[in-house]
Amino acid sequence: MDTLRWGIIGTGAIAHAFAHGLAQTDSGVLVAVGSRTADSANRFADEFGIETRHASYEALIADPSVQAIYISVPNPMHAEWAIRAAEAGKHVLCEKPVALNHGQAMAMVEAARENGVLFMEAFMYRCHPQTMRLIELLRDGVVGEVRMIRAAFGFGGGMTIDPSRRLFSPALGGGAIMDVGCYPVSMARLVAGAATGGDFANPVEVVAAGRRGETDVDEWAAAVLKFDSGIVAQVSTAVRASLDNSLEVYGSDGRITVANPWVANRKDADNGRIVVTVNGETTAHEAPTDRTSFAYEADAFAAAVAAGSSRVAYPAMSPDDTLGNIAVLDRWREAVGVVFPDETESAGRPARGRLAVRADAKMEYGQIPGLDKRVSKMIFGCDNQQTFAHGAAVWDDWIERGGNAFDTSWVYGRGTQEVLLGKWIKARGIRDDVVVTVKGAHTPRCLPDLLTEDFHTSLERLQFDHADIYVMHRDNPDVPIGEFVDALNDLIAQGLIRGALGGSNWSIDRFEAFNEYASSHGKQGMVVLNNNLSLARMVKPVWNGCIHVSDARSRAWLERTGTTNFSWSSQARGYFLSEHERLKLGQANFECWDAPDNRARRARAEELAAKKGCSPINIAAAYVLRQPFPSFALVGPRTIHETATTIPAFDVDLTREEIDWLWGKEES
């Protein structure tokens, strides 16, 4: 195995620990260090005999002699430098916790995937022989069925609060949960997974409490994690209380005790020892070592690089494991009330440190009559974001991939989605650069006066002075069409709608009636129909009042009239995913789409995907995008990875014959 050439970003205590560990291996060598100052870089380099010293992180990343980078800067800086390193083609070992939150972590993991580099969160104990022995014992069932887990990591009983120290600084991502609470969470998830035949498990419930101190970070905290297997874990942490830093696993037949689960000695070897007690009899399982956990970590990482693997060998943290862990930390912090400045609209910034369209963006654009901005052919449906940090992560990524169009509604999340989207747009200063579809008049508020009332509420939530596009979310056939035309045109006259009008889940007959009335009265009509169109026929309405235009007759009308359609559920809500992924979506979703004709369409999509070298879900999206009329696809990614796997639809060209073949012959 070739020796891996390492660079280190940061020169703090944990960087020293990794450098000491690396020196105990034959797998890697430290060839460069980068710091914010030349003095700091020189001191570190002199201590470890490093020839190349860089007075900036940028210079280290650009160093062609460096193959892998260990990132040990304060947590709020992890995302930006991990992403930059990945984009420079460097493998990344990032100190724990991986980022401030799940949103940032998604961006880091996706950057590594897209640039073909290895990425690992540096929980060094996962690479120690003791942890591997623990996994073997769990899988052998030595204590029977695992039922409860207790794990703790806490220190600093007599510590004085210093707001400038990382541990107590919100600006530096301080607090017990982030500093060492991440260890027991990662261990509990590891044990719960190994005990049930998996690599790790994510909890279905997190109940937590803690003490938030005078600097607004948690000083001590505890949480209970419940897993779908029934396993319950208690995790605790502190930076101002000395805890029993051990692990106990309780099973139906006995218990496992690990007195030193974190094996965190930074200079000397930590021998491992696991004690199993069954029926009053105790057995000790030793895991002797001659190196630190950091040395094992460096070796495991180098072996994965040499093998060209996408992850370091288990039980080291995989990217998916990392994402699951940080998601639990988010929930734990939320329960305690800890929010970092970089997670707020006033101080937050993109994970990459800047917001710009990527050079490799694949997005395509169209024009909407009455709107002077071009509109991305995929529109981001904002209906599932719960926090500013998560929304900002996926929306920043959307902008970077070339997206500029967003869809939301008065009814989504009782206004939460409009509020979060509006805060993000204001924070990024991009109101003039984006196109937002404002929707209202959802049943039972589909009446002219309530439409107007809710429209004003939407603008207030979004912090907008006008809407680019306004779409009625439902129709109410009991209301004379002219009343809706008049109500919307009153808003246009006031300058509150400055673009296009549309109707979602409107019948073609009512859409035409709206425009006939508008034309005969010299008023603005609708140019956007916002109905479902997908490669799968909607068998059962996803929600009451839903209407599709997937059938041949409706598509012929769209083509004949040149009407623009914004297709919601454009990929049939995952119907074209693999069987494994479809099973995660639930029976209710399955019932909306599954039928013999749709199964045949999915089979044809799979066949064509194999020929074109893409995924069936990309074929499904391309089917919408390549229609012979103005067709835009609404997508609702919950993660950055979902966005990344959706965008390749723009690489797929479909002929008219292929479009017709995919749909097939309709039954009369």
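The values are calculated or read from the model by the stated rules, or taken from the named source; none is laboratory data. If you're wondering where the values come from, they're calculated on a predicted model, not measured in any experiment. Here the Cβ positions follow ideal geometry from the backbone for every residue, glycine too, while neighbour counts run over all protein chains shown.
Remarks
- Yes/no for VAL143 being of a type in the set (Val, Ile, Thr), part of a helix (DSSP H, G or I) and touching a strand residue (DSSP E or B) at 6+ places or on another chain (Cβ under 7 Å): no
- Selection status of LEU529, outside any loop (DSSP other than H, G, I, E, B), within 30 Å of ARG553 (Cβ to Cβ), in contact (Cβ under 8 Å) with a residue 24 or more places away in the chain and touching a Phe, Trp or Tyr at 6+ places or on another chain (Cβ under 7 Å): yes
- Total residues in the range 543-576 satisfying the condition of being hydrophobic (A, V, I, L, M, F, W, C), surrounded by fewer than 19 Cβ atoms within 10 Å (Cβ to Cβ) and either touching a helix residue (DSSP H, G or I) at 6+ places or on another chain (Cβ under 8 Å) or farther than 16 Å from ASP475 by Cβ (or both): the figure is 3.
- Tally of residues being closer than 25 Å to GLN24 by Cα, among the aliphatic types (A, V, I, L, M) and at pLDDT 95 or above across the range 267-306: 10
- Matching residues in the range 177-235 - criterion: being closer than 17 Å to ASN101 by Cβ, buried (at least 20 other Cβ atoms within 10 Å of the Cβ) and out of contact with any strand residue (DSSP E or B) (no Cβ under 9 Å at 6 or more places or on another chain): VAL217
- Odd one out for ASP321 among (1) touching a Phe, Trp or Tyr at 6+ places or on another chain (Cβ under 7 Å); (2) assigned by TED's automatic domain parsing to the domain that holds VAL419; (3) within 29 Å of ALA238 (Cβ to Cβ): (2)
- Odd one out for PHE566 among (1) among the aromatic types (Phe, Trp, Tyr); (2) part of a helix (DSSP H, G or I); (3) under 30 Å from the mean Cα position of the chain (by Cα): (2)
- Close contacts from the range 534-561, counting a first residue that is under 17 Å from SER504 (Cα atoms) and at pLDDT 95 or above and a second that is of a type in the set (Val, Ile, Thr) and not in a loop (DSSP other than H, G, I, E, B), with Cβ to Cβ under 8 Å and a gap of 6+ residues or different chains, come to SER534/VAL624; VAL549/ILE508; SER554/ILE508; TRP557/ILE508.
- In the range 399-417, the condition of being touching a Lys or Arg at 6+ places or on another chain (Cβ under 9 Å) and in a strand (DSSP E or B) is met by at least one residue.
- Residue, nearest to TYR296 (Cα to Cα), within the range 250-268, restricted to residues that are among the hydrophobic types (A, V, I, L, M, F, W, C) and touching a helix residue (DSSP H, G or I) at 6+ places or on another chain (Cβ under 6 Å): VAL263
- The set of residues in the range 103-138 being basic (Lys, Arg) and farther than 29 Å from ILE640 by Cβ consists of ARG133 alone.
- Applying the criterion of being among the aliphatic types (A, V, I, L, M) and part of a helix (DSSP H, G or I) to the residues of the range 488-513, the residue that is surrounded by the fewest Cβ atoms within 10 Å (Cβ to Cβ) is ALA493.
- When ALA45, ALA86, ALA59 are checked against the criterion of being surrounded by fewer than 17 Cβ atoms within 10 Å (Cβ to Cβ) and not in a loop (DSSP other than H, G, I, E, B), ALA59 stands alone in meeting it.
- In a residue-by-residue description of the range 295-304, the property of being outside any helix (DSSP H, G or I) and either in contact with a helix residue (DSSP H, G or I) (Cβ under 8 Å, 6 or more places away or on another chain) or over 18 Å from ALA82 (Cα atoms) (or both) applies to no position.
- The requirement of being among the acidic types (Asp, Glu), in a loop (DSSP other than H, G, I, E, B) and outside the structural domain of PRO637 (by TED's automatic domain parsing) is fulfilled nowhere in the range 91-99; no residue meets it.
- Which listed residue, of ASP321, ASP290, ASP270, is part of a helix (DSSP H, G or I) and not basic (Lys, Arg): ASP321
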